[in-house]
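Asker: Have a look at this one.
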Amino acid sequence: MFPHGWPVCASERRKAALGALSWAVLILLAGLGSAGSAAADTRKHADKTGEVDTEHMFGFTEGSDTGDAGEKELETDSTGRFGKPGAAYNNVATALEAKYSFSDRFRLSAVATVAYYDITGVDGIDDRRQGALQSVSFDARFRLFEREHAPFGLTLSVEPRRGFADEMSGAPGDQYGADVRVLADCELIPGRLFAAFNVRYEPAQTRLRGSGETLRESTLGIGAALAMQVMPNVFVGAEVRSLRHYEGLGLNDFAGQALYIGPTLYATFGERYFISAAWNVQVWGAVAGSSGALDLVNFERHLLKLRGGVRF
């Protein structure tokens, strides 16, 4: 995060953000490598049991696992966003996803997302109470490093998206965007304590059908999480995420930032079924040009996530 008003120039601000982000990635990977090397042999033994899949273990933060070759998975992923200035803001989006792992390192999935908006009296957003097909997308994931053979797992995820409504307001529009993520994780205590770190870049362009206005925006996010096994097949943990919102597709003009923290839960049932849940609360934020303690213009106060899936 960067103090308000520094640096002044948008290009300098972008360079500073990317420079700090690069150092954060290098520091985290070095830490993951050190922790992973200390327990390499025991970790390999634990991974061979096939008991642990880290992808959804950490809530909004994600692990590096992509599934074994030939594995198929069906999943639902519901995200609720609540709380903005004014009377009421409630937005629940549910993604239906089908995944197939072509190899131990490469997976493709198809996603369709529907959303329901219940908005009344929110500053700058029209009242709306309706459902909509929000978007369709494809997610390609390539696992660069496997925890079985490296000090940490590392996966690159690229998800191009075609949207049909503005994600925040629900206004009908034509949206083109992408979600690019770097996902790293490791076992701090083999089979018991896991850590993850994510870097996320999300540009989007939306043309609103009613007014013809075109919105260009981008989000840069960094997240870190821990998850510990508290009983067989049940993990609890916590995550912290820093999000920065910009006008322009290339992190052009800083618009606001938010810091979220919250608990997570992950559980598996047999070898096929899993559920995960997370609750994030914005504990600090700032709109560009404001000294306020929160950013409820570009972000929401509360974020809830509930996932469930089956592998076969």
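The values are calculated or read from the model by the stated rules, or taken from the named source; none is laboratory data. From a predicted model like this one, the values you see are computed outputs, not experimental measurements. Heads up, the Cβs are rebuilt from the backbone with ideal geometry, glycines too, and the neighbour counts pull from every protein chain shown. The area values use the complete protein model at the heavy-atom level, side chains included, leaving out ligands, DNA and RNA. Shrake-Rupley method; radii C 1.70, N 1.55, O 1.52, S 1.80 Å.
Asker: Work out from phi, with θ = phi - 60° and the Karplus expression 6.51 cos²θ - 1.76 cosθ + 1.60, the ³J(HN,Hα) of each residue of region 225-242, listed in order in whole Hz, and give x for Gly and Pro.
Answerer: 8, 10, 9, 10, 6, 9, 7, x, 6, 10, 10, 10, x, 8, 9, 9, 9, 10
Asker: Using the C-alpha atoms of region 201-264, what convex hull volume per residue, in cubic angstrom, is computed?
Answerer: Taking the convex hull of the Cα positions in region 201-264, it is 114 Å³ per residue.
Asker: Taking Rh as the Kirkwood radius, which is the inverse of the mean 1/r over Cα pairs, what is the Rg/Rh value for region 223-312?
Answerer: 1.12
Asker: Ok, one more. Grab the other residues whose beta carbon is less than 13 angstrom from that of residue 169, score K and R as +1, D and E as -1, and report the net.
Answerer: Summing Lys and Arg as +1 and Asp and Glu as -1 gives -4.
Asker: If you don't mind, another one. Please work out the FRET efficiency for the pair residue 290 and residue 209, using the Cβ-Cβ distance as r and a Förster radius of 30 Å; give the result to the nearest 0.05.
Answerer: 0.45
Asker: Right, something else. Quick one: Karplus J couplings for region 84-95, per residue in order, coefficients 6.51, -1.76, 1.60, θ = phi - 60°, nearest Hz, x for Gly and Pro?
Answerer: In residue order, the calculated couplings are 9, x, x, 7, 8, 9, 9, 9, 10, 10, 10, 9 Hz.
Asker: Taking 0.36 nm per residue of sequence separation and subtracting the Cα-Cα distance, how much length would be gained by fully extending the chain between residue 275 and residue 240, in nm to one decimal?
Answerer: Gain on extension, residue 275 to residue 240, equals 10.6 nm.
Asker: Now a separate question. Using only the alpha-carbon atoms of region 154-225 as identical scatterers, what base-10 log of I(q)/I(0) does the Debye formula give at q = 0.12, 0.17, 0.27 Å⁻¹?
Answerer: Calculated log10 I(q)/I(0) at the listed q: -0.45, -0.69, -1.12.
Asker: Which semi-axis lengths, in whole Å and largest first, follow from the square roots of five times the eigenvalues of the Cα gyration tensor of region 95-248?
Answerer: So the equivalent ellipsoid measures 34, 18, 15 Å along its semi-axes.
Asker: Considering only C-alpha atoms, what is the centroid distance from region 155-218 to region 70-127, in Å?
Answerer: 10 Å
Asker: If you build the Cα gyration tensor of region 82-163 and take the root of 5 times each eigenvalue, what three semi-axes come out, in whole angstrom, biggest first?
Answerer: 37, 16, 9
Asker: Turning to a different aspect of this structure: Carbon and sulfur together cover what percent of the accessible area of region 182-245 at a 1.4 Å probe radius?
Answerer: Ligands and nucleic acids excluded, carbon and sulfur give 61 percent.
Asker: Per residue of region 103-111, what does 6.51 cos²θ - 1.76 cosθ + 1.60 with θ = phi - 60° give for ³J(HN,Hα)? Whole Hz please, x for Gly and Pro, Karplus curve as stated.
Answerer: Each residue of region 103-111 in turn: 7, 5, 10, 9, 9, 10, 8, 10, 9 Hz.
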